Amino acid sequence: MKKFLGKTMTGRVVSLHLGNNDDLSKEQRESLNAEIGGFAGDKHQGFDRETWEGEWEPAGTKRRNERQWSGVSTEELDYITERLDLTEPLSPATLGANLCVEGIPEFSLLPKGSKLLFPSGAVLLVEEYNPPCGDMGAQIASKHATRSGQPLDDKAWLRPASGRRGVVGVIDVPGEIWAGDHVEVRVYEEPDIRML
């Protein structure tokens with residue numbers, strides 16, 4: 001990703017997804033309304049959330065919601081699909097992603113502070129990388145088959161998805177996002193303090 005720091009890239013929104021399901025899966029939509037608190041009607045909408053087991057704070061601690069949206073790329077989904085030898089492509093909806101983009105190399109490696117800008121004026125701010133988890137692996141295993149016919153283990157996806165699971169963030173500027181929109185990505189680069 002170092003070669004992309006401070007650069008601007010352009011990609012395209014392939015699909016959009018919204019849902020409030022317990023299994024975190026989402027349904028495809030033509031557009032999403034990005035509000036300051038998240039995508040209207042989505043499970044991850046809100047200014048705060050509770051921590052889960054394994055975070056720095058004890059599970060159930062109320063904290064700022066840095067996960068108002070999640071995004072993945074077709075290139076990284078294709079990589080995971082190929083490594084798992086799936087009969088059908090891995091869907092962003094299965095992974096609980098709100099948006100899927102194409103044309104952004106190493107999408108999962110976008111640094112904190114990078115911005116995704118859309119034609120409506122909506123801006124999504126990247127907070128962090130979204131690591132793969134075992135619970136999502138169980139969902140993938142229940143919905144997908146392999147070309148070899150071998151059953152998928154719940155943890156099989158962890159290695160191929162490592163570094164390719166996508167990113168999460170917050171809504172920086174509200175607006176409507178449509179499938180097919182071009183998205184401009186401004187990659188954040190920390191200022192060189194030697195130049196100040």
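Tell me which residues, restricted to segment 47-77, are outside any strand (DSSP E or B), closer than 18 Å to GLY96 by Cβ and at pLDDT 95 or above.
GLN68, THR74, GLU76, LEU77
I'd like the full set of residues that are surrounded by 15 or more Cβ atoms within 10 Å (Cβ to Cβ), on the phi < 0 side of the Ramachandran plot and not basic (Lys, Arg), limited to segment 24-39.
SER25, SER31, LEU32, ASN33, ALA34, GLU35, GLY37, PHE39, listed by residue number.
Which members of segment 166-185 meet the condition of being of a type in the set (D, E, K, R) and crowded, with 18+ Cβ neighbours inside 10 Å?
ASP181
Would you pick out the residues in segment 140-165 that are part of a loop (DSSP other than H, G, I, E, B), in contact with a Pro (Cβ under 8 Å, 6 or more places away or on another chain) and buried (at least 19 other Cβ atoms within 10 Å of the Cβ)?
TRP157, ARG165
With the requirement that a residue be under 16 Å from LEU24 (Cα atoms) and touching a residue at least 12 places away in the same chain (Cβ under 8 Å), what does segment 136-153 give you?
MET136, GLY137, ALA138, GLN139, ILE140, ALA141, LYS143 - these are the residues of segment 136-153 that are under 16 Å from LEU24 (Cα atoms) and touching a residue at least 12 places away in the same chain (Cβ under 8 Å).
Only one of (1) surrounded by fewer than 17 Cβ atoms within 10 Å (Cβ to Cβ); (2) assigned to a loop (DSSP other than H, G, I, E, B) fails for THR94. Which number is that?
(1)
For ASP135, work out the one condition from (1) part of a loop (DSSP other than H, G, I, E, B); (2) farther than 17 Å from HIS17 by Cβ it doesn't fulfil.
(1)
Could you grab me the full set of residues in segment 97-119 that are touching a residue at least 60 places away in the same chain (Cβ under 8 Å), on the phi < 0 side of the Ramachandran plot and surrounded by fewer than 22 Cβ atoms within 10 Å (Cβ to Cβ)?
GLU102, PRO105, LEU109, PRO111, LYS112, LYS115, LEU117, PHE118, PRO119 - these are the residues of segment 97-119 that are touching a residue at least 60 places away in the same chain (Cβ under 8 Å), on the phi < 0 side of the Ramachandran plot and surrounded by fewer than 22 Cβ atoms within 10 Å (Cβ to Cβ).
Identify the single condition in (1) surrounded by fewer than 12 Cβ atoms within 10 Å (Cβ to Cβ); (2) in contact (Cβ under 8 Å) with a residue 24 or more places away in the chain; (3) closer than 20 Å to PRO131 by Cβ; (4) not hydroxyl-bearing (Ser, Thr, Tyr) that ALA59 does not satisfy, given that it satisfies every other one.
Every listed condition holds for ALA59 apart from (2).
The values are calculated or read from the model by the stated rules, or taken from the named source; none is laboratory data. No experiment lies behind these values; they were computed from the predicted model shown. Don't worry about glycine lacking a Cβ; one is built from the backbone with ideal geometry, like all the others, and counts go over all protein chains shown.
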